[in-house]
Amino acid sequence: MYKYFYSIIILTAFFGCQGVKDWNDQKDDVPPAPVSNIKVESLNGGAKITYTLPADNDILGAKVRYTFHDGDTPKEIFASAGNDTIVINGYGDTNEHDVEVYALDKSMNVSMPVTVKVTPNTPPVEILSKSLKAYPAFGGIYVTWQNPIKESLGISIYIEDKDGFMQLYDTYFTDATDGKHTFKQFPDSTMTFEIVMRDRWNNHSTPLRETMTPLYETEIKAIEATTGKVLWSSYNASSNYRGDVYLATNFNILFDGVTWSSAMWQPIASRSKAQLPAPDGDIFPWYTTIDLGVEASYSNIRIFPRDRTSMGPIFSAILPKDLEIWGCNNPKAVDTKLGYAENQKYWTDWEEIGATGEWRNDWVMLYKGTLVLPSGISDYYDGVVATPEDEQYLINGIPYEMITERATETFRYLRFVTNSTNTGSSRWHIGEIKIWGAYKK
């Protein structure tokens, strides 16, 4: 035991006299050898550079130094010693550019540069801009584009001033793959627009130049202003044959001008009252069709819930959750001799009767979406709490923006397809519907 004890003392004393070794990497001022075996592959808006690092023991990695335009402040990209490739992105042209490639060691010494030529392929922003399309919209223009690579983009719109020069009006920023945006607040007069796509490096595409007239927007009224004639109807004479809902209350409540009232329009979609060949119960989807009496194009629709503040939360009114709106001018006539089920095979999507849903081939979809309140909730159930902002959103009327590509098409009949409601019951508790667009000229 004593032998081991004295051995430890002797070893400790020996190493203690030697001092503490500095295990940090030693610094020097000797630059590494240059990179070698450089290869360049052209990319859209960039280049991929591969290389071989020198065999120095203290090599840290490589860097490239480049500019997009003469006179710019040089940019640098670094790569560690575990890599042999650096990718440059952001060129806005297909010109030849110089790039300097360096080796770098752990003392931050830099090798002599090796200059290579890179010639980028067509920039992504120019390729993506080929998908830009513009359409007249109500009070503006509607622009669509495709962005499958989810590039961060700015979509800028320019308008021609009185001197014939194009001036920037607005820019919309997005990385959406299926891009769409409406630029608004334009008069309904013929104007020249340029739409330009811009990427994060501030490269601009070739402008898309269009001359068009933004659409005039007005409220599509249920009552004719000059004659007082009621134009809207529930198209109810043949509703059961189409599988449309049974109307439990007066249709005229929909357009009596009172948007916030305990009185309501309540269509009931129970099986027996809708003349379905099945027992009573909720069924989805359910349908209701309105004849507006005149052809019109549509920009947006607002549905106002029934005022239930005296009997429960505002959001407890039964409202469409997943909703479609379709338009048509010449609906297929029903054949009463065939009975309910045979007509409904064309007019519905109900699997219970082997329906074909063929009616969708003869109608045009104008809207499809899901009700989401500002707080993010979509369903009403015991315990759910709507925020004051949610309640004001409902009082103002739930907005449904129509598909803008259809803005110039006119339809007389609207069909509402309710695929679900906020409570799960197949009916609506609503007080008013307001529709905006433009009458057919």
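Pairs of Cα atoms nearer than 8 Å and 6+ residues apart set the relative contact order; for region 353-441 it is 29 percent. Around Ile303, with a cut-off of 9 angstrom between Cβ atoms, what is the net charge of the other residues, counting Lys and Arg +1 and Asp and Glu -1? That sum, taken over residues with Cβ under 9 Å, equals +1.
Can you give the net charge of the other residues whose Cβ lies under 11 Å from the Cβ of Ala47, counting K and R as +1 and D and E as -1? Walk me through the numbers on the way to the answer.
Values: positive: Lys39, Lys48, Lys117; negative: Glu41, Glu96.
In short, +1.
With both labels modelled 7 Å from their Cα along Cα-to-Cβ, the Ser262 to Ile149 distance reads 6.2 nm. Quick one: check the C-alpha center-to-center distance for region 379-441 versus region 329-343, whole angstrom. Distance between centres, Cα-based: 27 Å.
What does the charge dipole of region 331-441 about its Cα centre add up to, to the nearest 20 debye, if the Cβ of each Lys and Arg holds +1 and the Cβ of each Asp and Glu holds -1?
On the way: 12 positive and 16 negative charges, 142 e Å.
The calculation lands at about 680 debye.
Between Lys337 and Ala33, full extension at 0.36 nm per residue minus the direct alpha carbon distance yields a gain of 100.1 nm. If you plug the beta carbon distance of Ser107 and Glu76 into 1/(1 + (r/R0)^6) with R0 = 22 Å, you get a FRET efficiency near 0.75. As a length-normalised measure over Cα pairs under 8 Å and 6 or more apart, the relative contact order of the chain settles at 14 percent.
Once C-alpha pairs closer than 8 Å and six or more residues apart are averaged by separation and normalised to the residue number of region 137-182, the relative contact order reads 50 percent. Here's the picture: charge each Lys and Arg Cβ at +1 and each Asp and Glu Cβ at -1 in region 136-254, and of Ser239, Pro187, Thr144 the one pushed furthest to the positive end of that dipole is Ser239.
Excluding Ala103 itself, what net charge comes from residues whose Cβ is under 12 Å from its Cβ, given Lys and Arg +1 and Asp and Glu -1?
Details: positive: Lys63, Lys106; negative: Asp56, Asp58, Asp84, Glu100, Asp105.
So the surrounding residues net to -3.
Taking every full run of DSSP H in the chain, the ones that stretch at least 15 Å from end to end by Cα along their long axis and average 0.5 or higher on the Kyte-Doolittle scale are 2-18. Using θ = phi - 60° and the Karplus curve 6.51 cos²θ - 1.76 cosθ + 1.60, what whole-Hz ³J(HN,Hα) does each residue of region 137-152 get, with Gly and Pro shown as x? Once rounded to whole Hz, the list reads 10, 5, x, x, 10, 10, 10, 10, 6, 10, 9, x, 8, 6, 5, 6.
Once every DSSP H run of n ≥ 4 in the chain is given -39500 (n - 2.57) and the sum is divided by its residues, what mean residue ellipticity at 222 nm do you get, rounded to the nearest 500 deg cm²/dmol?
Numbers: 6 runs with 47 residues, N = 441.
Taking each H run of at least 4 residues, the total per residue is -3000 deg cm²/dmol.
Surface composition of the chain: carbon plus sulfur atoms contribute 50% of the solvent-accessible area (1.4 Å probe, protein chains only, all chains present).
Of the chymotrypsin sites (Phe, Trp or Tyr not before Pro) found in region 364-434, those in coil by DSSP whose Cβ has at most 14 other Cβ atoms within 10 Å are Tyr381. Set the Cα radius of gyration of the chain against 2.2 N^0.38 Å, with N its number of residues, and you get 1.55. Candidates Asn89, His204, Met108 compared by Cα position along the dipole of region 77-224: farthest toward the positive end lies Met108, with charges placed on Cβ.
How many Å² of accessible area per residue for the chain, probe 1.4 Å?
Numbers: 22890 Å² over 441 residues.
Result: 52 Å² per residue.
Taking every DSSP beta bridge with both residues inside the chain, roughly what % is antiparallel (nearest 5)? Don't skip to the end; give the middle numbers.
Numbers: 104 of 107 bridges.
Bridges in the chain are about 95 percent antiparallel.
Each Lys and Arg contributes +1 and each Asp and Glu -1, all at the Cβ; summed about the Cα centre of the chain, the dipole is approximately 940 debye. Relative to the Cα centre, the charge distribution of region 118-230, modelled as +1 at Lys and Arg Cβ and -1 at Asp and Glu Cβ, gives a dipole magnitude of about 240 debye.
The values are calculated or read from the model by the stated rules, or taken from the named source; none is laboratory data. All values reported here derive from a predicted model rather than from experimental measurement. Cβ atoms come from the backbone with ideal geometry, glycine included; neighbour counts cover every protein chain shown. Just so you know, the surface numbers come from the protein's heavy atoms only, side chains and all, with ligands and any DNA or RNA stripped out. Shrake-Rupley method; radii C 1.70, N 1.55, O 1.52, S 1.80 Å.
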